[in-house]
Amino acid sequence: MDNEKYMLLALKEAQKAAIADEVPVGAVLVDSQTGKIIAKAHNKTEHGLDPTAHAEISVIRKASKKLKTKRLWGTTLFVTLEPCAMCAAAISFARIENLVIGATDEKSGAVLNGVRFFESKTCHFKPQIISGVLEKKSAELLKDFFKNKRG
């Protein structure tokens, strides 16, 4: 699977979020066997007035609805920023088999940083994790967004 190709699509979703004045995080869920895109999403917490409307949660909701299942076996999730604890739990509950991360998040990340959700005893399912795919581009988009917000 071409990780950079799909991460570029996730970055396009993140750019949509930035344009909408949302924290620029994007996600793309792909069928691991065929490479077919199942769903795409970006953060919509601000304008959706929904603290759970992270890109990962939104893409899981879209895919589950489209496939009519709560288990997303055989899928790969590409996300531009390391998931938080809420999103890591949702990824585990959805049984997403592979997680590809762009930038790490030392402050709020819960996969490689913080609580390391997938390493906890309460985690029922751990995806295969690849990190650092287009990390610089993902991090720059976030840095530029917050730099512009601060003036």
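The values are calculated or read from the model by the stated rules, or taken from the named source; none is laboratory data. Given the structure is predicted, the values throughout are model-derived calculations rather than measurements. Don't worry about glycine lacking a Cβ; one is built from the backbone with ideal geometry, like all the others, and counts go over all protein chains shown. Remember, those area values only see protein heavy atoms, side chains included, never the ligands or the DNA or RNA. Shrake-Rupley method; radii C 1.70, N 1.55, O 1.52, S 1.80 Å.
Regarding Leu112, is this residue touching a helix residue (DSSP H, G or I) at 6+ places or on another chain (Cβ under 7 Å) and under 19 Å from Met7 (Cβ atoms)?
For Leu112, the condition - touching a helix residue (DSSP H, G or I) at 6+ places or on another chain (Cβ under 7 Å) and under 19 Å from Met7 (Cβ atoms) - is not met.
From the set of residues in segment 21-58 that are touching an Asp or Glu at 6+ places or on another chain (Cβ under 6 Å) and under 18 Å from Leu134 (Cα atoms), which is most open to solvent (accessible area, probe 1.4 Å)?
Across segment 21-58, the extreme among qualifying residues is Lys40.
Among the residues of segment 112-121, write down those that are exposed (fewer than 14 other Cβ atoms within 10 Å of the Cβ) and of a type in the set (Ser, Thr, Tyr).
Result: no residue meets the conditions.
Across segment 122-147, which residue is surrounded by the fewest Cβ atoms within 10 Å (Cβ to Cβ) among those that are closer than 19 Å to Ala85 by Cβ and touching a residue at least 40 places away in the same chain (Cβ under 8 Å)?
Taking the candidates together, the pick is Ser131.
Go through segment 22-54 and give me each residue that's touching a Ser or Thr at 6+ places or on another chain (Cβ under 6 Å), free of Cβ contacts under 8 Å to residues at least 40 places away in the same chain and not in a loop (DSSP other than H, G, I, E, B).
Ala41
Within the bounds of segment 69-84, is there any residue that is surrounded by 16 or more Cβ atoms within 10 Å (Cβ to Cβ) and assigned to a helix (DSSP H, G or I)?
Looking for residues that are surrounded by 16 or more Cβ atoms within 10 Å (Cβ to Cβ) and assigned to a helix (DSSP H, G or I), one finds none in segment 69-84, hence no.
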